[in-house]
Amino acid sequence: MSGKVVLYYFNGRGKMESIRWLLAVAGVEFEEVYLTTREQYQKLVDDGALMFNQVPMVEMDGMKLIQSKAILNYIAGKYNLYGKNIKERVMIDMYSEGARDMMDMILILPFTPADKKQSQLDKIEKKAKENSLPAYEKALAHSQYLVGNELSCADVHLLEMTLMLEELFPTILSTFPKIQEFQKRMKAIPAISKFLQPGSQRKPPADEVYIKTVMTVLSHLFI
Ligand SMILES: N[C@@H](CCC(=O)N[C@@H](CS)C(=O)NCC(=O)O)C(=O)O
């Protein structure tokens, strides 16, 4: 295994996108192997590369890492995005999990049957407006960052989450001024500004090709 960081996933957001975000913010270069066939996935399974036969998988520091949260925590810990002590860390985890909950609801949207899509969208909007965004607005009332007055992975996840929400509901932040200011500050961070440029390793929202590829590669989940 070389010293390179290599991501094994689909050419789309899914459970890898937050990992791409965090690596980009940490300034870590990475390569990607895109799964496009069932055979590629089966080979990784047969080689014992996927502990639970699931992706994302990230080759890093001589390890084959799986479980997206474990991977995120490792990157955050390694690159000083995980607080100064366990009390900061638990707050970072709380804010991160809140963002994760919202993003997971959005990620399943493309795989939701057409007749259930609108009700899923309504659920996302309600949860965002009533629970999630108010909590972050409050957290940012007197502070630049969510925890400990320095950048952490929770801030990165919040930015990713709010951008995803705006893709679905363009005016959703209009009543959350502190989150809007936060977004502006975060987007000015050079590594983030670079990641937001066209041509970066950031992925677009799911399209038909992505959905079809996931359903082909992981065909056992869709029978
Ligand atoms: N808890 C895992 C879930 C990973 C997961 O569900 N991966 C899907 C693709 S997004 C998968 O590989 N599923 C195959 C399977 O479960 O058999 C994580 O966060 O990494």
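The values are calculated or read from the model by the stated rules, or taken from the named source; none is laboratory data. Please read these numbers as outputs of a predicted model, since none were measured by experiment. Ideal geometry is used to build each Cβ from the backbone, glycine not excepted, and the neighbour counts take in all protein chains shown. Side chains are part of the model used for accessible areas, which takes the heavy atoms of the whole protein and leaves out ligands, DNA and RNA. Shrake-Rupley method; radii C 1.70, N 1.55, O 1.52, S 1.80 Å.
Computed quantities for the displayed model
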| read-out | value |
| --- | --- |
| Val58 of a type in the set (Val, Ile, Thr), open to solvent by less than 70 Å² (accessible area, probe 1.4 Å) and not in a helix (DSSP H, G or I) | yes |
| Any hit, segment 209-217, residues being loosely packed, with under 12 Cβ neighbours inside 10 Å and either under 28 Å from Tyr8 (Cβ atoms) or of a type outside the set (A, V, I, L, M, F, W, C) (or both) | yes |
| For Lys178: the one exception among (1) outside the structural domain of Leu72 (by TED's automatic domain parsing); (2) within 21 Å of Leu23 (Cα to Cα) | (2) |
| Only listed residue being within 18 Å of the chain's Cα centre (by Cα), open to solvent by less than 80 Å² (accessible area, probe 1.4 Å) and not assigned by TED's automatic domain parsing to the domain that holds Asn149, chosen from Asn73, Asn53 | Asn73 |
| Cβ-Cβ under 8 Å pairs, at least 6 apart or on other chains, segment 34-63 side more than 12 Å from the ligand (Cβ to nearest atom), far side part of a loop (DSSP other than H, G, I, E, B) and among the aliphatic types (A, V, I, L, M) | Glu59/Met1; Glu59/Val5; Met60/Val5; Gly62/Met1 |
| Condition broken by Pro204, with the remaining ones in (1) under 18 Å from Glu167 (Cβ atoms); (2) open to solvent by less than 80 Å² (accessible area, probe 1.4 Å) satisfied | (2) |
| Criterion: within 25 Å of Tyr74 (Cβ to Cβ), away from the ligand (no atom under 16 Å from the Cβ) and either touching a helix residue (DSSP H, G or I) at 6+ places or on another chain (Cβ under 6 Å) or at pLDDT 95 or above (or both) - qualifying residue of Ile179, Ile172, Ile192 | Ile192 |
| Per-region count, segment 79-101, residues open to solvent by 40 Å² or more (accessible area, probe 1.4 Å), farther than 21 Å from Leu163 by Cα and out of contact with any helix residue (DSSP H, G or I) (no Cβ under 8 Å at 6 or more places or on another chain) | 7 |
| Whichever residue in segment 102-148 is among the aromatic types (Phe, Trp, Tyr) and closer than 18 Å to Leu163 by Cα and, among such residues, is surrounded by the most Cβ atoms within 10 Å (Cβ to Cβ) | Tyr136 |
| Sole exception among (1) closer than 30 Å to His220 by Cβ; (2) not in a helix (DSSP H, G or I) for Ile106, by number | (2) |
| Sole exception among (1) of a type in the set (A, V, I, L, M); (2) within 14 Å of the ligand (Cβ to nearest atom); (3) over 14 Å from the mean Cα position of the chain (by Cα) for Val5, by number | (2) |
